[in-house]
Every structure is written in C-alpha cells, then in structure tokens.
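Report on the structure given below.
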Amino acid sequence: RQQKWKSSVFTQAKMPPCDFVPEKYESYPYEHMQKIREQNIAPSLRTYYKKPLLLHQGHMQWLFDYEGRRYLDLFAGIVTVSVGHCHPKVTMATQKQLARLWHTTNIYMYPAIHEYAEKLTSLFPDPLKVVYLTNSGSEANDLAMFMARLHTRNFDIISLRGGYHGGSPYTLGLTSLTPYKHGVANGFGCTATMLPDVFRGPWGGSHCRDSPVQTVRKCSCTEGACHAKDQYIEQFKDTLNTSVPKTVAGFIAEPIQGVNGAVQYPRNFLKEAYQLIRERGGLCISDEVQTGFGRTGSHFWGFQTHGVVPDIVTLAKGIGNGFPMASVVTTKEIANSLAQNLHFNTFGGNPLACVVGAAVLDAIEEDGLQKNSEDVGTYMLLELAKLRDKFEIVGDVRGKGLMIGVEMVTDKDSRRPLPAEEINQIWEDCKDMGVLIGRGGLYSQTFRIKPPMCITKRDVDFAVEVFHTALQRHMERAA
C-alpha cells in the first residue's frame, strides 16, 4: 500500500512495504482532540512532539495516524509492546477470554491464573518459583520493597542514581532522576549510590560493558581486571559504610537502566554488589520491567546477562504487550513473609490479564523473538556505531539486543549533553520521515530505541538511514 503523504523532510530512505490497510478514522477532528486534551486530561500527562501525533491503529511494528500516515515504531509505547501491536495470537486469545470470563478475583480459583503462574515461573531458575500478580511496574516495585522490608526486618534500600523504579509515593524514593521528583517528603529509608556509568561517570574504558559496541574512552585495565568496576565497587562499599545501617533490607537495580538511556554497568559489577548486600542481610531485587522477556537477546531475563540470581524480580511493560499487568517473582520463603497478614490486589492476576500474559509468552517462543532481538539488535547497534564514528555529536552508542541508547553530545571530549533544542530538531525530523524514537537520560540527551521485538533488518536499514539524514540536516543547520 502506497503512502498517501509526503515526508516534509527529503530522504533517500525507503520505508519498507506493509500490506496492512488501517481502518478509516472516524473519531473527532484533530483540533477537537486537542481541545479535550487541554480541558479534560491532566496536564502532567505530557505529549511528544511539537504537534502531537494522533494515532489511530497499530499493526506489529507499525503505527498509523488519523490521516493514514504510517510510522515505524521504535519505542513500542515505552518498551511495552513486546511482540507487536495487535499481535494476532494475543488478540485472538484475549477475544476468546473476553467472551468467557473477565473477572472474579483471587478469592476463587480459575484456570488462567494457575496456568499462567506455572508457565511464567518455569522460565525462572530455582528458587524463583512464586508469583504475585499486580497491574503496573510501580506497583510491582512497591510490593518488592515491602516484601524486602518485611522479610529482612530491616528498612534501608539502596538504588543506583539514574534508576527509574516507578512514580508511586513509595517507589519515588528509589527513582533517582530529578524530573520525576516532586517537592514532597518521600524516600525515607532509600539511598541512591553512584551509578557505574562507563561513558559519563569518572571511570570507564573500551572493554567494560556487555555490548557489541564499547565506549570511545581509553581503557586503564590490566589483563583480567576491570579498573572501572573496582572503582565503582569501592564507591558502593563507601555508601554501605557511611549512609546506611550495618544491616539493610535490600538493593534494587535494572540490569540495564531504561529511562536513563540504556546505561550499562561494567561486567561483574552487579555480581559483586549483590554479594556485598547479602553480607549485610539484604535482598537483591532485579527490576526487569524493561529488560525482561528476551529483549536483551542473549538471555530471557536481564539478570542472567550478569550471571546473578536475584531474590526478587519485578516484571511489567512487555509482560502484557500493552495490557496493564505486572508481576513480582520471588522465593517461597520471601513470599511467606507477606502471608502473615492480609495483602490483597483486586485486579492483579485477573483471568483476562493471565490469558494475555500466556499468549505473549507463546508469541515470543513461536515467533523466535529472543533470537530476533539478538540478531536485529546487534545489527542495529553496529550500524549506529558507524554513525557515532562519523558524527562528533553522537557521543555513545550502547545496549544489548533491542535495548539501545544513543547519547548526543556537543563533542566527544567534553561529553557535554547536546542542547535540547538541537536534539528536539533531530527527533522531529526523524518523526517527519516516519520513525518514532524515545528520549531519556538525565538531560533528555539520549535517544531510546526499544522497538517491538518483531522488527526486521530491513526496518533497521530504513531507520538508520532516516537518523543519518536527520544528523546531516543538523550539521547543515549548524554550519
């Protein structure tokens, strides 16, 4: 189907074909939608782009707006559409369950929750075999904090600066990014420690991370030792020795930081950090909200890429391909701590959510999406690295599988973030050429590329060519 629109930016890049034809848009005109947005929708819910997109329909890696324009979705509803928009298998399973049973809640037994619990926990190593289903990632992390405190009878929890673990009043204490902080008391018992960021931090070199693309910084390592990792672990010990009591409730970290722009730690950092926490009686929590379900390619769960087994794992986003569901997976022993009193979730693990979750797991396996994440993600990382070598403003390309960050700088030496207005223009140009990407990082200086895991190498060629064009246009403007 031919596009009905002309890009406002001239590009040689040819959008890959798609034989899906969207339905005719029949809702309110754009201007009326904007009015409703201004008057009836909370202003804290901000939109992307100068002229926000009015989207109408989705099909796998593609989105269609109200005028029938097609976009390659490289942000997947913020890393949430894991197997593809309106994936036929997931849609069919959901429709079937919609006609059967939506809701009874956990006071009764129904097949879906038992089938799903067995299916999900079979993908985890022992002893992570008990699941508590919730509705969102914030809720899952909230519960993980609560469980850690109940189980250890300690209170303090350590997180990494730059980490995002939710926006609820409880999890805001762990989230360590200023834009999400509100001027109200929060974070009692939460301590953020130095982020082992090998690109922007004080230490880091060209062999540190588990990625096909390393930083352009020189390495100061000796054979078999990582200088950066050792230095960041010293900082971690410093926090343990100064900022918290002798015993702690736990430590939470994303295997790769998501909102902060796909930040990766030096190899073995998490392994040593986990050991230090356990020596102080704490539990280790892996926040897999963005890294789970095969997105990193080499493994199904992000923690496996670090060679660790956490005590608690939190899941959300890709778990339901856009359906609101989330989960805490832990051990029988830790789960028992919550059973001493009542703790109830009305919608968590409802029949509809569990059927969606099971269909998503089937789609990942049947469509070979973990392998696709590895192959297509590695290809994309290497293609983007060529642009980093060509353009001074592309400071760092990093990530693993289809969890990718491209950090924009004024120059590679200073690593100063590229000014917002310049980044905005590149971002807008990409959108005008039909490619949607996310933003992240402390200064919103990092492009976040985390598409549905069904994208192809052909899609990557198109996206990279579009990004290349946008960068060239930026250079022309600057000149």
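The values are calculated or read from the model by the stated rules, or taken from the named source; none is laboratory data. In this text, all values refer to a predicted model and were calculated from it rather than measured experimentally. Neighbour counts run over all protein chains shown; Cβ positions are idealised from the backbone, glycine included. The protein model used for the area step is the full one, side chains on, heavy atoms only, and it has no ligands, DNA or RNA in it. Shrake-Rupley method; radii C 1.70, N 1.55, O 1.52, S 1.80 Å.
Numerical summary
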| quantity | calculated |
| --- | --- |
| Index of the failed condition, Arg37 passing every other in (1) more than 24 Å from Gln61 (Cβ to Cβ); (2) open to solvent by 90 Å² or more (accessible area, probe 1.4 Å); (3) not in a helix (DSSP H, G or I) | (3) |
| Filter result for Arg388 (surrounded by fewer than 24 Cβ atoms within 10 Å (Cβ to Cβ), assigned to a loop (DSSP other than H, G, I, E, B) and at pLDDT 95 or above) | no |
| Which listed residue, of Phe467, Phe447, is open to solvent by less than 10 Å² (accessible area, probe 1.4 Å) and among the aromatic types (Phe, Trp, Tyr) | Phe447 |
| Some residue of the range 262-269 being in a helix (DSSP H, G or I) and closer than 20 Å to Gly401 by Cβ | yes |
| Cβ pairs under 6 Å, 6+ apart, first in the range 444-465 and in contact (Cβ under 8 Å) with a residue 40 or more places away in the chain, second in a strand (DSSP E or B) and surrounded by fewer than 22 Cβ atoms within 10 Å (Cβ to Cβ) | Gln445/Pro417; Cys454/Met60 |
| Conditions (1) β-branched (Val, Ile, Thr); (2) buried (at least 23 other Cβ atoms within 10 Å of the Cβ); (3) within 16 Å of Gly401 (Cα to Cα); number of the one not met by Val248 | (3) |
| Qualifying residue in the range 73-92 (condition: open to solvent by less than 90 Å² (accessible area, probe 1.4 Å) and without any contact (Cβ under 8 Å) to a residue 24 or more places away in the chain) | yes |
| Ile393 buried (at least 18 other Cβ atoms within 10 Å of the Cβ), farther than 20 Å from His87 by Cα and over 19 Å from the mean Cα position of the chain (by Cα) | yes |
| Boolean, Glu223 is farther than 17 Å from Glu272 by Cα and either open to solvent by 60 Å² or more (accessible area, probe 1.4 Å) or modelled with pLDDT under 95 (or both) | yes |
| Residue pairs meeting the criteria (Cβ under 6 Å; at least 6 apart or on separate chains; first over 9 Å from Gln264 (Cβ atoms), in the range 196-209; second modelled with pLDDT of 95 or more and open to solvent by 20 Å² or more (accessible area, probe 1.4 Å)) | Trp203/Gln231; Ser206/Gln214 |
| Options Gly162, Gly167, Gly201, Gly183: the member that is on the phi > 0 side of the Ramachandran plot and assigned to a loop (DSSP other than H, G, I, E, B) | Gly162 |
| Single condition Val81 does not satisfy, out of (1) assigned to a loop (DSSP other than H, G, I, E, B); (2) out of contact with any Pro (no Cβ under 7 Å at 6 or more places or on another chain) | (2) |
| Residue count, the range 93-127 (criterion: open to solvent by 90 Å² or more (accessible area, probe 1.4 Å), of a type in the set (D, E, K, R) and closer than 22 Å to Ala363 by Cα) | 4 |
